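The values are calculated or read from the model by the stated rules, or taken from the named source; none is laboratory data. Remember, it's a predicted structure, so these values are computed and weren't measured experimentally. Cβ placement follows ideal geometry from the backbone for every residue including glycine, while neighbour counts extend to all protein chains displayed. For the accessible areas, the whole protein counts, side chains as well, though only heavy atoms, and no ligand, DNA or RNA atoms are used. Shrake-Rupley method; radii C 1.70, N 1.55, O 1.52, S 1.80 Å.
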Amino acid sequence: MQSFLIEGGRPLKGTITPQGAKNEALEVICTAILTTEEVRISNVPDILDVNNLIQLLADIGVKVTRHTRNDYSFKADELNLDFLSSDEFVHKCAALRGSVLLIGPLLGRFGKAMVAQPGGDKIGRRRLDTHFLGFRMLGASFERVPDRNVYELRAKQLQGRYMLLDEASITGTANIIMAAVLAKGKTTIYNAACEPYIQQLCRLLNRMGARIGGIGSNLLTIEGVESLHGATHQVLPDMIEVGSFIGMAAMVGQGIRIKNVSVENLGLIPDTFKRLGININIEGDDLFVPHHEHYQVEAFIDGSIMTLADAPWPGLTPDLLSVLIVVTTQARGSVLFHQKMFESRLFFVDKVIDMGAQIILCDPHRAVVIGHDHKLQLRAGRMTSPDIRAGIALLIAALSANGTSQIDNIAQIDRGYEDIEARLNALGANIKRV
């Protein structure tokens, strides 16, 4: 197991560029299964989750060409469908959360798919009901194979129809879209997720010949087509990484520029950090975060304590709450964080409390953070990363702490952040991988 050793208390300064969006990359890469022609995707992040998905596509026969580190072509003209029933395929799917995004395109093009309970972050239950209910409404049937703990899905011909999703699931929406583009007739998806990742997926599919309307809203209409063709696509900058860098710059920065962030696709992220008193200058498509001696948490108009809660897009993404919690430990003021979507995501705060933070974990979904206003510096410590986002939050905490910290299980961080230690060391950090 690899670990990071982080020397805390070193000010960071300079320019950093976000990688391509992890969640978008996982979705758009899977569109290659829907056509026999080449799909070329650039700005693909070189991270563990994406690389494992690319390897899984290669295992089922997709021809993968790596033009540069972040530029790939995929061609799915000769797939080995027998591999989809193998124990090796099931085992690999069980280790990778993104593998669930293969179901929709496989079902849409070939009328069959197999899925194991996917792996990923240990942040609570992440059910697949929305996916399965959507597939069933399109005409697919599924059954569980008890001795292998997998589900087999089959459909002779998917048929478009109206559906109201039980939750605005991002991966559920993506999967249903990819199944529906080749279905017969019209599919209407209400309560669809509308994150920039989903918008990008729809735009790519339309360039491939799909007919999707309502992009950017929670009401999508899809007119099924006979086939799709190849296309090119560029992945957006990762807004979660942008948010992580804003938080890092506020806590330990001496002036940090975050380049080419796609400001129009950041949603509430800049405004949320501004509510913590953090100054962010928007300069073209860059963000500049100056040095902060202090940052004062806002109060609501009636004077009540600031509350930040996650919500489906265009609300605040849950992936940034871990970073926001750590940043608030050094703010002037207090914040109640309400994490609604996952019941285990806040448990990482115990590690930040051990570092000297004043946090009250009210229940699995709510935590109150009382800011130190830099009067009490966090202490270095040894900790383990439970998931991607908690991992980067702990790394930011360690950068601001007094002494040398160790973070174990950094494979969780590698799943979502490309060359993170090298990029932060270029700003003045001292992070060693051991």
- prompt: Given the conditions (1) among the small types (Gly, Ala, Ser); (2) open to solvent by 50 Å² or more (accessible area, probe 1.4 Å); (3) modelled with pLDDT of 90 or more, and given that Ser73 satisfies all but one, which numbered condition is not satisfied?
  reply: (2)
The stretch 148-181, residues that are in contact with a Phe, Trp or Tyr (Cβ under 7 Å, 6 or more places away or on another chain) and farther than 10 Å from Ala192 by Cα: Tyr151, Glu152, Leu153, Ala179
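Regarding Gly303, is this residue open to solvent by 20 Å² or more (accessible area, probe 1.4 Å) and under 17 Å from the mean Cα position of the chain (by Cα)? Even if it seems obvious, please write down each step before you answer.
Numbers: open to solvent by 20 Å² or more (accessible area, probe 1.4 Å): yes; under 17 Å from the mean Cα position of the chain (by Cα): no.
No: the conditions fail for Gly303.
Report yes if Ala393 is open to solvent by less than 10 Å² (accessible area, probe 1.4 Å) and of a type outside the set (Ser, Thr, Tyr), otherwise no. Give the derivation first.
Details: open to solvent by less than 10 Å² (accessible area, probe 1.4 Å): yes; of a type outside the set (Ser, Thr, Tyr): yes.
It is true that Ala393 is open to solvent by less than 10 Å² (accessible area, probe 1.4 Å) and of a type outside the set (Ser, Thr, Tyr).
Table: residues versus (1) under 22 Å from the mean Cα position of the chain (by Cα); (2) at pLDDT below 95; (3) of a type in the set (D, E, K, R); (4) open to solvent by 10 Å² or more (accessible area, probe 1.4 Å).
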{"position": "Leu5", "(1), (2), (3), (4)": "no, no, no, yes"}
{"position": "Gly14", "(1), (2), (3), (4)": "no, no, no, yes"}
{"position": "Gly20", "(1), (2), (3), (4)": "yes, no, no, no"}
{"position": "Glu27", "(1), (2), (3), (4)": "yes, no, yes, no"}
{"position": "Val44", "(1), (2), (3), (4)": "yes, no, no, no"}
{"position": "Leu48", "(1), (2), (3), (4)": "yes, yes, no, yes"}
- prompt: Taking Leu321 and the conditions (1) over 25 Å from Ala380 (Cβ atoms); (2) open to solvent by less than 70 Å² (accessible area, probe 1.4 Å); (3) not aromatic (Phe, Trp, Tyr), which numbered condition does it fall short on, given that it satisfies the others?
  reply: (1)
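Working only within the stretch 324-340, note down all residues that are under 20 Å from the mean Cα position of the chain (by Cα) and open to solvent by less than 20 Å² (accessible area, probe 1.4 Å).
Narrowing the stretch 324-340 to residues under 20 Å from the mean Cα position of the chain (by Cα): 324-327, 337-340.
Leu324, Ile325, Val326, Val327, Phe337, Gln339, listed by residue number.
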statement: Restricting the stretch 29-42 to residues that are touching a Phe, Trp or Tyr at 6+ places or on another chain (Cβ under 8 Å) and buried (at least 21 other Cβ atoms within 10 Å of the Cβ), the one nearest to Val289 (Cα to Cα) turns out to be Ile41
message: Return the pair list, or none, for Cβ contacts closer than 7 Å from residues in the stretch 204-215 that are in the same structural domain as Tyr190 (by the TED database) to residues that are part of a strand (DSSP E or B) and of a type in the set (Gly, Ala, Ser), at least 6 apart or on different chains.
response: Leu204/Ala231; Arg207/Ala231; Met208/Ala231
task: Please go through the stretch 186-202 and pick out each residue that is more than 17 Å from the chain's Cα centre (by Cα) and in a helix (DSSP H, G or I).
output: Cys202
message: Being more than 22 Å from Asp373 (Cβ to Cβ) and open to solvent by 10 Å² or more (accessible area, probe 1.4 Å) is the filter here; which residues of the stretch 240-269 pass it?
response: Arg257, Lys259, Asn260, Ser262, Val263, Glu264, Asn265, Gly267, Leu268
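Tell me, which strands (runs of 3 or more DSSP E) wholly within the stretch 222-293 include 3 or more residues that are free of Cβ contacts under 8 Å to residues at least 40 places away in the same chain? First the steps, then the outcome.
Details: elements: 231-234, 253-258, 281-283, 286-289.
Per the criteria, 281-283.
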message: For the condition small (Gly, Ala, Ser), modelled with pLDDT of 95 or more and on the phi > 0 side of the Ramachandran plot, what is the one hit in Gly247, Gly255?
response: Gly255
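Here are Gln358, Gln377: which of them is in contact (Cβ under 8 Å) with a residue 60 or more places away in the chain and either of a type outside the set (A, V, I, L, M, F, W, C) or assigned by the TED database to the domain that holds Ser244 (or both)? Outline the logic, then answer.
On the way: Gln358 fails: in contact (Cβ under 8 Å) with a residue 60 or more places away in the chain.
Every option except Gln377 fails the conditions.
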